[in-house]
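All remarks here apply to the structure that follows.
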Amino acid sequence: MKGAISETNLEYYVGKLEPAYESQGEQKIGRTLDQYGIAFFYRHPTLIYENGRRELWYPDFTLPRFDDMVIEYPGRHHQNKVMIPPERKQEVYRQNDIPALFLKPADLARPDWVEKLYETLENTYHRPLTDCLLYDR
C-alpha cells in the first residue's frame with residue numbers, strides 16, 4: 001500500500017514530537033503519561049528553597065493538574081550534572097511541599113507498573129483520574 005507508515009517510520013515520527021528524553025525509562029514514563037492523557041512538563045524548571053538558598057531544579061516530569069507533582073526517574077546523567085541522591089531529593093521536595101513520586105528501573109520492569117502508577121495518582125488525589133486528564137480516553 002502506497003503511503004503506508006511502517007512501525008519503524010511511526011517510531012521516527014513519534015520521536016520528532018516528544019521531548020529528547022535522557023533515558024529509555026524516561027521515554028517509557030513520558031509515553032505512558034501521554035497515552036493516559038495526563039498533561040506533563042519534561043524537565044520543567046522548579047524553584048527549590050534549601051539551606052537558605054533558592055535554586056532551580058529540573059524534575060524529570062511535572063504534572064500541573066496534580067498540584068505540580070513531580071515524577072523522578074534515576075536515568076543516565078551527563079558528566080556536567082551533579083547527581084542528587086533520591087533520598088535527598090525526596091526530603092527537599094517534602095520541605096518545599098512538592099508532591100513527588102520516585103520510580104526506579106525495577107518498578108518499570110514490573111508488568112503492572114502502569115496500573116500502579118495510575119492507582120497511585122488516583123489515590124494521592126482521592127478522585128478519579130478522569131477529572132484530571134488532558135482529554136478523555
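Computed values, structure above
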read-out: Residue 54 at pLDDT 95 or above, surrounded by fewer than 18 Cβ atoms within 10 Å (Cβ to Cβ) and not acidic (Asp, Glu); value: yes
read-out: When residues of the range 42-60 are limited to those that are without any contact (Cβ under 8 Å) to a residue 40 or more places away in the chain and among the acidic types (Asp, Glu), the one nearest to residue 100 (Cα to Cα); value: 60
read-out: Only listed residue being part of a helix (DSSP H, G or I), of a type outside the set (Asp, Glu) and at pLDDT 90 or above, chosen from 93, 118; value: 93
read-out: Flag for residue 136 being over 15 Å from residue 33 (Cβ atoms), modelled with pLDDT under 90 and of a type in the set (Asp, Glu); value: yes
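For every residue, the table says whether it meets (1) polar (S, T, N, Q); (2) at pLDDT 90 or above; (3) surrounded by 10 or more Cβ atoms within 10 Å (Cβ to Cβ).
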| residue | (1), (2), (3) |
| --- | --- |
| 46 | yes, yes, yes |
| 114 | no, yes, yes |
| 127 | no, no, yes |
| 130 | yes, no, yes |
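Conditions (1) out of contact with any Asp or Glu (no Cβ under 9 Å at 6 or more places or on another chain); (2) of a type in the set (Phe, Trp, Tyr); (3) in a helix (DSSP H, G or I), marked per residue:
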| position | (1), (2), (3) |
| --- | --- |
| 27 | no, no, yes |
| 31 | no, no, yes |
| 37 | no, no, no |
| 54 | yes, no, no |
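The values are calculated or read from the model by the stated rules, or taken from the named source; none is laboratory data. Keep in mind the model is a prediction, meaning the values are calculated, not measured. Reconstructed Cβ throughout: ideal geometry from the backbone, glycine too, with neighbour counts over all protein chains shown.
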